[in-house]
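Novice: Before we start, here is the structure in question, set down as C-alpha cells.
The values are calculated or read from the model by the stated rules, or taken from the named source; none is laboratory data. This is a predicted model, so every value here is computed, not measured. With ideal geometry, Cβ positions are generated from the backbone for all residues, glycine too; neighbour counts draw on all protein chains shown.
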There are 2 protein chains.
Amino acid sequence: MRFLSTNPLVNNTQALAAFDSLRPYIKKLQEIAQHGGYGVEEGFINVPFDETLLNTVVSLKEKMAGDGLKYIILVGIGGSSLGAKAVYDALFGHYDVLQPARTPKLFFVESIDFKLLRLLTDFLADKDPREVLVNIISKSGETIETSTNAQHLLSRLPKLKDRIVITTSQKSTGSIPTLEIPQKVGGRFSVFTAVGLFPLLCANINVVSLLEGAMEIRRLALDEDPKRNTVAMSAIATFLNSRNGKDITNTFLFGPRLESLGKWNIQLIAETLGKEGKGITPTVSIGSNDLHTTYQLYMGGPKDKFFTFVNTQKQDGGVADAVYKAVKGSFAENGLPFVELLLDDITEKELGAFMQFKMMEVLYLAKLMGVSPFGQPEVEKYKKAVG
Amino acid sequence: MRFLSTNPLVNNTQALAAFDSLRPYIKKLQEIAQHGGYGVEEGFINVPFDETLLNTVVSLKEKMAGDGLKYIILVGIGGSSLGAKAVYDALFGHYDVLQPARTPKLFFVESIDFKLLRLLTDFLADKDPREVLVNIISKSGETIETSTNAQHLLSRLPKLKDRIVITTSQKSTGSIPTLEIPQKVGGRFSVFTAVGLFPLLCANINVVSLLEGAMEIRRLALDEDPKRNTVAMSAIATFLNSRNGKDITNTFLFGPRLESLGKWNIQLIAETLGKEGKGITPTVSIGSNDLHTTYQLYMGGPKDKFFTFVNTQKQDGGVADAVYKAVKGSFAENGLPFVELLLDDITEKELGAFMQFKMMEVLYLAKLMGVSPFGQPEVEKYKKAVG
C-alpha cells in the first residue's frame, strides 16, 4: 500500500509543527507496542501480533467448521460486524448474489428486521446444521439488537443450538464456545481480534495475510521520521484542513466492492472524534458511481471537504484509469485538497494494511483535535435508554 | 405517507415568509401541471400522469418479457440506475442473496468493474436468452461507463443481441427496441419515465401504484396553503436550518432495505443544489445500524446537521418502536432539528410518494437557495474529459 500526499493543500511548516506535537504520543505508542498486551486502550495496536489469539481462533474454527460449512450467520451490529463485513464484501460479498453456489457465505444480521429474519430462517430451515455456524458478537453482551436477533433466530431454528459461537468480553456462561474480546479494546478497534478473525477465517479468508498487512503498517505508524510516518502525515493533512473549514472528510473509494470498508471507516471517525462539540463528519463516495451523483456538489458547491482517494494500483483497464486520472486532475484544478491511498490490489494483506492505517491515523487525529479517542458516551446513553 | 414537522427548530414567522416567497413558483408549477407535457424542465412533475408513456412501457414489456423472464440486467449509472435500484432494493433486492430462487431478479451494472462483468457473464452463460433481458439506459447515449459495460457484456454473450432494450433521449438507431426519455427531463428526475418504469415493470413491481403515490403528492406539493403543502414546508425547514449553519442534511432511514432510496436522494440533492459555491451536503444514515456508528458524532459533535427521519408507521415490533422513540427523544433533548416522513409501509405506492415528495421538495429548495435546479455543469465537464 502506498500513501501519496498528492494535493494536501497544507502548509509544510504547520505540518511539521503538528508532527512535532505528536512526538510524545508516538513515543507512548512505541512503548505500548514494546510492552505488548492490552493493559491500555491503545493496546489494540498489539492485536495483530497476538499468536495466542490466532491459535485460539484457528482451533475453534477447526472444531466448529468442517469442510461442509456453507453458511456463517454473524449476529452483531456496529463494531461487532462492520470490520468483518468490510473485508468479506471487498473479497466476496459484493458479488454473492451472482455466485449462489460459492460457499462458505457470510450473512450479517445487524439491525432488527423481521422480514430479513423470516427469509433467513426459511433459507436455513432445510439445511443440515453442520453446514451452518452462528457467531453472536457483542462486546458488552447486552446489545439490544443482537440479543433480540439471536433469540428470534434460535427460537425458530432450535437445531442450531450446538452451532453457536459467542464472541464477547463478558464472562462465559454455560457450555457455548466463547471467544474473548480484551476488555480495553473498543468495538471500532476490534477487527483483528476474534470479532473479525473468527468469522473471516470460517469464510476461508486468509487472516494471516490480513494481520501481516496490519503489522507492517504499525511499524510505519510508529516511525519518528515524518517522511516515513505517512499515517501521522495523513492525520495531519486531515486535521489542518478541518481547521481550515474543511470539516467533512470524504473517503472516495474507487470500486463498489469497497463500500463496506468505507462504512467501517465512518464508524471509526465518527465515534472516535465526535465529542465535546468537536468532530469531523465522515462521508463515503464510490467511484465511478458518485461521479454521477455527488461530484457536482464537490466541484460546484461549498469547499468544505477533504478527500482521501482509495484505489488499486493494479487498475482494471483503460477506461477506469482514464476516469481516475481525470478526477484527480479536476480536483486539483478546482483547489480541492486530497491525498491518495493506493492498494496493490484488493487482497487480505492490503485490506489489513488499510484498516490498521485508518485505526492508527484516527489516534493521531484525536490527539491533534484534543479529544479522547476512546469511549462513546452518547452511544452508551442511548443503549441505556432502550435497554 | 405522513410528514411531521416534529422538531424543526425554525421560527414560524420566517417559515411563513419563506412560503410566501415561493408562491409565484407554486403558481408556475400549477400552470405546468395544468398544461401537461415536457416543454419545460419542471415538466417531470407531469410524468406520473402520462398514460401514453405507461402504455408504451407495458406493451414493450409484454413483447420482450414473457413469463419465463428471470434476469433483467440494467446497464446504467447515476440517474439511469438509482431510481429503479431504490425501489427494487426496498422491495426485493436487499434480500436477493437469501432468495436465490425468487425471480425476476434485477441486476445493476453501474461503474466499470471487470470482476463483476466476468461473474455476470459466467452466471448468464448457460441461461436461455428468453430468461434474460438487457436494459441499457443512457439519456445522452454517450455515458462512458454504460457504453463500455454494454459492449463488454454483449461481446461476451452475443446470444443476447435480440434481448436488448435501449432507454435514451437520442434518436433510435437500427432495430433495437428503444424507449424515449423526454429531452427536458433530467436524469435525477426521471424515475417515473421509462428509465424506472420499464425495468421495475419487468421485475413484476406494481408501477401503477408507484405512480399513484406520486400523483397524490403532486397535488399536495402544489397547494397554496402552507398547512397542507408539507413538501414546501419540509424544504423551508431544511433551508432555514442550512442558513443557520446546519448545511449537512441527513436522511435517516429506519431499515437497511431503504439504503438505496437514500442514495437516490443523495444524487437529487447534490446535483440539484451544488452550484455556484452553494449547496448542502446530503448524507444517509440507516437505523438502527448507525446508532452504533455516527450517532455519537450527531449527539456529541458539532451541531451542523439537519435530519429527516424516514420510518414506517407499521413498525416491526416492540424493540424497533422503542429504539425509534428513544432516538427521537435524544435528538429533541440535544437540540438537533428534525422532521419525519412516515410511510404506511414499504409499498410501491409509498415509495412513489416519497420520491415525488423529494423531487418536488428539491425544486423549492433550489428556489429558496437561488440556484437553478436543472443541469449539472461540472458533471458534463467531467464526462467530456474522459469521453
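Novice: I'd like the residue in the range B:124-146 that is surrounded by fewer than 19 Cβ atoms within 10 Å (Cβ to Cβ) and touching a Phe, Trp or Tyr at 6+ places or on another chain (Cβ under 9 Å) and, out of all such residues, is farthest from B:GLY196 (Cα to Cα).
Specialist: B:LYS127
Novice: Let me confirm something: among B:GLU276, B:GLU378, B:GLU340, which residue is in contact with a Phe, Trp or Tyr (Cβ under 7 Å, 6 or more places away or on another chain) and closer than 18 Å to A:THR293 by Cα?
Specialist: Exactly one residue qualifies, and that residue is B:GLU378.
Novice: Here is a check on your reading of the model: is A:PRO48 within 15 Å of the chain's Cα centre (by Cα) and more than 12 Å from chain B (Cβ to nearest Cβ)?
Specialist: yes
Novice: Separate question: Restricting attention to the range A:302-333, which residues are at the interface with chain B (Cβ under 10 Å from one of its Cβ atoms) and of a type in the set (Phe, Trp, Tyr)?
Specialist: If the condition is that a residue be at the interface with chain B (Cβ under 10 Å from one of its Cβ atoms) and of a type in the set (Phe, Trp, Tyr), then A:TYR324 is the only one that fits.
Novice: Give me a count of the residues in the range A:21-69 that are buried (at least 18 other Cβ atoms within 10 Å of the Cβ) and in contact with a strand residue (DSSP E or B) (Cβ under 8 Å, 6 or more places away or on another chain).
Specialist: 5
Novice: Let me ask something else about it. What helices (runs of 4 or more DSSP H) lie completely within the range A:175-294 and have 3 or more residues being facing chain B (nearest Cβ under 9 Å)?
Specialist: A:259-273
Novice: Is there a residue being at pLDDT 95 or above and either part of a strand (DSSP E or B) or farther than 26 Å from B:SER372 by Cα (or both) anywhere in the range A:296-305?
Specialist: Scanning the range A:296-305 turns up at least one residue that is at pLDDT 95 or above and either part of a strand (DSSP E or B) or farther than 26 Å from B:SER372 by Cα (or both).
Novice: With the requirement that a residue be closer than 14 Å to B:PRO100 by Cβ, touching a residue at least 24 places away in the same chain (Cβ under 8 Å) and more than 7 Å from chain B (Cβ to nearest Cβ), what does the range A:110-133 give you?
Specialist: Selection gives A:LEU124, A:LYS127.
Novice: Could you list all residues from the range A:306-329 that are modelled with pLDDT under 90 and part of a helix (DSSP H, G or I)? Write out each step before concluding.
Specialist: Taking the range A:306-329 as the starting set, the residues that turn out to be modelled with pLDDT under 90 are A:313-322.
A:GLY318, A:VAL319, A:ALA320, A:ASP321, A:ALA322 - these are the residues of the range A:306-329 that are modelled with pLDDT under 90 and part of a helix (DSSP H, G or I).
Novice: Within the range A:334-357, is there a residue that is part of a helix (DSSP H, G or I) and either over 21 Å from the mean Cα position of the chain (by Cα) or within 14 Å of chain B (Cβ to nearest Cβ) (or both)?
Specialist: Residues of the range A:334-357 that are part of a helix (DSSP H, G or I), as a first pass: A:348-357.
This time we only want the ones that are either over 21 Å from the mean Cα position of the chain (by Cα) or within 14 Å of chain B (Cβ to nearest Cβ) (or both), so: none.
Within the range A:334-357, not a single residue is part of a helix (DSSP H, G or I) and either over 21 Å from the mean Cα position of the chain (by Cα) or within 14 Å of chain B (Cβ to nearest Cβ) (or both).
Novice: Also, I was wondering about something else. Scan the range B:170-214 residue by residue and report those that are over 17 Å from the mean Cα position of the chain (by Cα), among the polar types (S, T, N, Q) and at pLDDT 95 or above.
Specialist: B:THR178, B:GLN183, B:ASN204 - these are the residues of the range B:170-214 that are over 17 Å from the mean Cα position of the chain (by Cα), among the polar types (S, T, N, Q) and at pLDDT 95 or above.
Novice: What's the total number of residues in the range A:372-387 that are surrounded by fewer than 20 Cβ atoms within 10 Å (Cβ to Cβ) and not in a helix (DSSP H, G or I)?
Specialist: So the count comes out to 4.
Rundown of residues vs (1) of a type in the set (A, V, I, L, M); (2) over 22 Å from A:PHE198 (Cβ atoms), yes/no style:
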residue	(1), (2)
A:ALA18	yes, yes
A:LYS27	no, yes
A:GLU31	no, yes
A:GLN34	no, yes
A:GLY39	no, yes
A:ASN46	no, no
A:LEU53	yes, no
A:GLU62	no, no
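Novice: Quick check: anything in the range A:86-109 of a type in the set (A, V, I, L, M), more than 9 Å from every other protein chain (Cβ to nearest Cβ), in contact with a Ser or Thr (Cβ under 6 Å, 6 or more places away or on another chain) and in contact (Cβ under 8 Å) with a residue 40 or more places away in the chain?
Specialist: Yes, the range A:86-109 contains at least one residue that is of a type in the set (A, V, I, L, M), more than 9 Å from every other protein chain (Cβ to nearest Cβ), in contact with a Ser or Thr (Cβ under 6 Å, 6 or more places away or on another chain) and in contact (Cβ under 8 Å) with a residue 40 or more places away in the chain.
Novice: Give me a count of the residues in the range B:214-228 that are buried (at least 23 other Cβ atoms within 10 Å of the Cβ) and either in contact with a Gly (Cβ under 7 Å, 6 or more places away or on another chain) or more than 14 Å from B:GLY352 (Cβ to Cβ) (or both).
Specialist: Residues meeting the conditions: 1.
Novice: Oh, and also: Taking the range B:325-335 only, how many residues are in contact (Cβ under 8 Å) with a residue 24 or more places away in the chain and surrounded by fewer than 20 Cβ atoms within 10 Å (Cβ to Cβ)?
Specialist: 5
Novice: Given the conditions (1) part of a loop (DSSP other than H, G, I, E, B); (2) at pLDDT 95 or above; (3) under 21 Å from B:SER288 (Cα atoms), and given that A:ASP162 satisfies all but one, which numbered condition is not satisfied?
Specialist: (3)
Novice: Evaluate the range A:94-116: report whether one residue or more is crowded, with 20+ Cβ neighbours inside 10 Å, farther than 28 Å from B:THR312 by Cα and polar (S, T, N, Q).
Specialist: Scanning the range A:94-116 turns up no residue that is crowded, with 20+ Cβ neighbours inside 10 Å, farther than 28 Å from B:THR312 by Cα and polar (S, T, N, Q).
Novice: Moving on to the next point. Please go through (1) under 27 Å from the mean Cα position of the chain (by Cα); (2) away from every other protein chain (no Cβ under 11 Å) for A:SER138 and return the number of the only condition it doesn't satisfy.
Specialist: The one condition A:SER138 does not meet is (2).
Novice: Limited to the range A:28-68, what total is found for residues that are within 21 Å of A:GLU361 (Cβ to Cβ), touching a residue at least 24 places away in the same chain (Cβ under 8 Å) and not aliphatic (A, V, I, L, M)?
Specialist: Residues meeting the conditions: 8.
Novice: Under the condition of being out of contact with any strand residue (DSSP E or B) (no Cβ under 6 Å at 6 or more places or on another chain) and polar (S, T, N, Q), which residue from the range A:243-265 is farthest from B:ILE280 (Cα to Cα)?
Specialist: Looking only at the range A:243-265, we keep the residues that are out of contact with any strand residue (DSSP E or B) (no Cβ under 6 Å at 6 or more places or on another chain), and these are A:243-245, A:247, A:255, A:257-258, A:260-261, A:263-264.
Adding the requirement that they be polar (S, T, N, Q) leaves A:244, A:260.
Details: A:ASN244: 18, A:SER260: 24 Å.
In this case the residue turns out to be A:SER260.
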